[in-house]
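The values are calculated or read from the model by the stated rules, or taken from the named source; none is laboratory data. These figures come from a predicted structure and were not determined experimentally. Please note: Cβ atoms are built from the backbone with ideal geometry, for glycine as well, and neighbour counts cover all protein chains shown.
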Amino acid sequence: MSESKTPPADKTPYKKEASSSFENFANKITHAAGSSTAFIIAGAVVIIWALSGPVFKYSETWQLMINTGTTIVTFLMVFIIQKSQNKDSKAIQLKLNELIAANRHTSNRMVDIEGLTEDELDDLRKFYGKLSQIAEKEKDIHQSHSIDDAKELVEKKKEAREKKPINPLPPE
């Protein structure tokens, strides 16, 4: 008998550890900043600032107040949003890796491709374009193809080109 590699449904292989205080702070700020309330507050601040223009005679100080405030908030939010996006991206990549690893019709070479260079990713994209062409020719829409199929197709084409005699003269 072979043992299952997956843990029982009632046990999780990963324990949720106590998050760092910055992570907790970032999660709360990200959640709050994306709320309707935050948008309403930001809109109200801009409206109050605009209405206060005549009181301050639209002075440079009046303009500097909104410019400084928005610059500081934007500067700080960039880091909070990036932290949140990094975490979400890691989680999504891990979920996709699990789906790839669990599916017998997929190529495990695709697991953890985030470390590839931009050129390598462009090459993979070309292979998937070839897979799309293969799939369009299939009559069975449920036929599965993988990156390995595309590589085999490329190799066959290379072999065919190498075997084909080159005719230097154009046909008459």
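Restricting 65, 77 to those that are in a helix (DSSP H, G or I) and touching a residue at least 40 places away in the same chain (Cβ under 8 Å) reduces the list to 77.
Screening 96, 131, 124 for residues that are surrounded by 14 or more Cβ atoms within 10 Å (Cβ to Cβ), modelled with pLDDT of 75 or more and assigned by TED's automatic domain parsing to the domain that holds residue 34 leaves exactly one candidate, 96. Please verify whether segment 43-62 includes one or more residues that are within 30 Å of residue 20 (Cα to Cα), at pLDDT 90 or above and either of a type outside the set (A, V, I, L, M, F, W, C) or surrounded by 10 or more Cβ atoms within 10 Å (Cβ to Cβ) (or both). No, segment 43-62 has no match at all.
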